[in-house]
Amino acid sequence: MTTRLTLLTLLTLSGSLVALSSPHETNSASHERARPTTDGANPDVLVNISKKPKTVEVNLTAAVTRLSLEPGVISEVFAYNGHVPGPTLDVREGDHVIIHFRNDLPEATTVHWHGIHLPVESDGSPFQPIASGETHDYEFTVRPGTAGTYWYHPHPDRRTGFAIGKGLYGGIIVRAADDPLPASIPDKLIILSDNRFLQDGSIDFPAAASQHGGIDEENGREGPILFVNGRVMPALKIRSGEVQRWRIANASAGRIYRIALAGHTMVQIGSDGGLFEKPVEVKEILLTTGERVEVLVRGTDAPGTKTVLQNLPYDRYAPQTRPADWETTRDLLTLETTNEAAVIPVKIPATLRKVLPLDTTKVTAVRTIVFGQGIINGKHMDMSRVDVSTHVGATEIWEITNIVGMDHPFHLHGFQFQVLDRDGVPEPYVAWKDMLNIPKHSTARIIVRYDDFPGKWMFHCHILDHEDHGMMGVLEVTK
Ligand SMILES: [Cu+2]
């Protein structure tokens, strides 16, 4: 690792990673309609109204509003505090967090704090609906050691895909007091999503019985317009030599991204549950639905030049509903190197933090989870049924097998897990995860410890159309 990082530093200093001089071809309809100069600024942050130390208290309202997502078109959307994406919940480890939530939508909703380890009553699962016009206070204390990038979104019974597709999603950043990266590194939140619109500007949700509705149900709803923080092809700026920390989250209903920075490598430093032990040099990252990564991006290009963050083709689909343009590479954002004088790159630490592996000798149960098409272990979701019963303190291995010809991303509420192996290949390094893509016809094994918080938790496929149609189960953790 030391050798690799030294090489990285040299490359960074010499600027020899510059490989891109010609503008990229735009090969999607969305670019023709893109707003010319939108910047990729971070979403607004929820304002802390508390005066108490180590307390974050915010107001969050979900409501119908009208704003422009598709460039040049006004759409009726659902929005948190009037914005798509919603404002970022920015907290520190150890903070006590209180969210005063108000549901001004015409339907029931919840707010699920995706990936956060919290008491079950604040999980915002389908068990805790908030009726139209009602309010609810979500409350939790951010556990030390969980600094990372998370997100929040509705999780009502059978309506999650619709509600997120209408615009309800926002980022969560948990910061650590002992973050190993220099505080001077700019922090960028990049929330990816896609959507589809009708001619009149309304968001396209076809009738379930229609052909398009059937394809959405099979594939997971995708749209031709790709958004970064609710904008089409925004631009980020970087100074030559500068290192930036990008927190990338996939808020799409079904699209799995294979992201790459054209002509460059990135340094992946973390995933769902926070930082890795050591940085990993990567050419591309597969980012499944609901998943997050943290990467370091280095300004190695000549001043005044541009590169693009791309979505490379990835075949997650069943052949019969695979989109005709699935092999098309799509651009997500432009990274512009400014004309300012180059800076000396900051040193990237060789070790980020300690990530202890969960102890496989302490395993109390091994579960078999089989993903069929729209079903788990042969069953549709039934909220009155408990699919897996366990207790606080148990450590379990879940062997998750996907027996069908399309990918299904696995999500567990409440508890971060570690991947042991994928198709028998041991995971190369230990990381905390709450999302794991299970590719078609493959098996992964994860290990999880229920160290707190009894209650009924969800596990499910995170293709929202699958989840809404019952590809979900209930895990009950008793005291
Ligand atoms: Cu699925």
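The values are calculated or read from the model by the stated rules, or taken from the named source; none is laboratory data. These numbers were taken from a predicted model, which means no experiment stands behind them. Cβ atoms come from the backbone with ideal geometry, glycine included; neighbour counts cover every protein chain shown. Remember, those area values only see protein heavy atoms, side chains included, never the ligands or the DNA or RNA. Shrake-Rupley method; radii C 1.70, N 1.55, O 1.52, S 1.80 Å.
Assorted remarks:
Condition check ((1) open to solvent by less than 40 Å² (accessible area, probe 1.4 Å); (2) among the hydroxyl-bearing types (S, T, Y); (3) under 30 Å from D382 (Cβ atoms)) across all residues:
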{"position": "E121", "(1), (2), (3)": "no, no, yes"}
{"position": "V142", "(1), (2), (3)": "yes, no, no"}
{"position": "A147", "(1), (2), (3)": "yes, no, no"}
{"position": "D157", "(1), (2), (3)": "no, no, yes"}
{"position": "K166", "(1), (2), (3)": "yes, no, yes"}
{"position": "G171", "(1), (2), (3)": "yes, no, no"}
{"position": "V174", "(1), (2), (3)": "yes, no, no"}
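- Residue list for segment 70-93, filter: over 19 Å from the mean Cα position of the chain (by Cα), touching a residue at least 60 places away in the same chain (Cβ under 8 Å) and part of a loop (DSSP other than H, G, I, E, B): E70, P71, V73, I74, E93
- Search result, residues across segment 176-200 that are in contact with an Asp or Glu (Cβ under 7 Å, 6 or more places away or on another chain) and either of a type in the set (S, T, Y) or surrounded by fewer than 22 Cβ atoms within 10 Å (Cβ to Cβ) (or both): A176, A177, R196, F197, L198
- Taking residues in segment 412-433 that are within 10 Å of I447 (Cα to Cα) and open to solvent by less than 20 Å² (accessible area, probe 1.4 Å), and partners anywhere that are of a type in the set (A, V, I, L, M) and not in a strand (DSSP E or B), the pairs with Cβ atoms closer than 9 Å and at least 6 places apart or on different chains are F417/L358; Q418/V355; Q418/L358; Q418/V430; Q418/A431; V419/V430; V419/A431.
- Some residue of segment 261-280 being in contact with a His (Cβ under 6 Å, 6 or more places away or on another chain) and polar (S, T, N, Q): no
- Restricting attention to segment 201-217, the residues that are touching a residue at least 24 places away in the same chain (Cβ under 8 Å), part of a helix (DSSP H, G or I) and open to solvent by less than 50 Å² (accessible area, probe 1.4 Å) add up to 1.
- In this structure, T361 qualifies as open to solvent by 40 Å² or more (accessible area, probe 1.4 Å) and in a helix (DSSP H, G or I).
- Just one of the listed residues (T368, T329, T360, T364) is polar (S, T, N, Q), away from the ligand (no atom under 16 Å from the Cβ) and under 27 Å from E281 (Cα atoms), and it is T329.
- Restricting V392, V366, V388 to those that are surrounded by 15 or more Cβ atoms within 10 Å (Cβ to Cβ) and either at pLDDT 95 or above or β-branched (V, I, T) (or both) reduces the list to V388.
- Note on segment 127-181: enclosed strands (runs of 3 or more DSSP E) holding 1 or more residues that are touching a helix residue (DSSP H, G or I) at 6+ places or on another chain (Cβ under 7 Å), of a type in the set (F, W, Y) and under 30 Å from S68 (Cβ atoms) are 135-141.
- Against the numbered list (1) crowded, with 18+ Cβ neighbours inside 10 Å; (2) away from the ligand (no atom under 16 Å from the Cβ), G220 comes up short only at (2).
- Being under 24 Å from R221 (Cβ atoms), touching a residue at least 12 places away in the same chain (Cβ under 8 Å) and open to solvent by less than 50 Å² (accessible area, probe 1.4 Å) is a property that G372 has.
- Taking the criterion of being open to solvent by 40 Å² or more (accessible area, probe 1.4 Å) and closer than 14 Å to I172 by Cα, the residues of segment 58-92 that qualify are D90, R92.
- Selection from segment 333-391 of residues that are touching a strand residue (DSSP E or B) at 6+ places or on another chain (Cβ under 6 Å), among the aliphatic types (A, V, I, L, M) and more than 30 Å from A235 (Cβ to Cβ): V355, L358, V363, A365, V366, I369, V370, I376, M381, V386, V388
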